[in-house]
Amino acid sequence: MVVDEDTNVPEAQGRLLGMPYELRKPTIKRLKARFWNPEDERVLTPMAFGWGYAVNLRIACSKVAALLRQ
């Protein structure tokens, strides 16, 4: 298991057709890291469970707020 040093969250289990997949049982830590992680600059993160990408809502909200302030 590879751990991302910035967020201490395991990276996706693997890739299929260029998309990340995660088949391990989701944990609270992984769910928070994928869906609400201010330390991760990515808007799209690997899913906490399944195949594809999840939206990091914390970063997405801050980017939308920055656009609305302009």
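Can you name the condition, by its number, that LEU57 falls short on among (1) modelled with pLDDT under 95; (2) surrounded by 10 or more Cβ atoms within 10 Å (Cβ to Cβ)?
Checking LEU57 against (1) modelled with pLDDT under 95; (2) surrounded by 10 or more Cβ atoms within 10 Å (Cβ to Cβ), the one that fails is (1).
Could you count how many residues in the range 27-70 are within 23 Å of LEU17 (Cβ to Cβ), under 8 Å from the mean Cα position of the chain (by Cα), assigned to a loop (DSSP other than H, G, I, E, B) and not basic (Lys, Arg)?
Counting residues in the range 27-70 that are within 23 Å of LEU17 (Cβ to Cβ), under 8 Å from the mean Cα position of the chain (by Cα), assigned to a loop (DSSP other than H, G, I, E, B) and not basic (Lys, Arg) gives 4.
The values are calculated or read from the model by the stated rules, or taken from the named source; none is laboratory data. Note that the coordinates shown come from a computational prediction; the quantities given were computed from them, not determined experimentally. For neighbour counting, all protein chains shown are included, and Cβ atoms are generated from backbone atoms with ideal geometry for every residue, glycine included.
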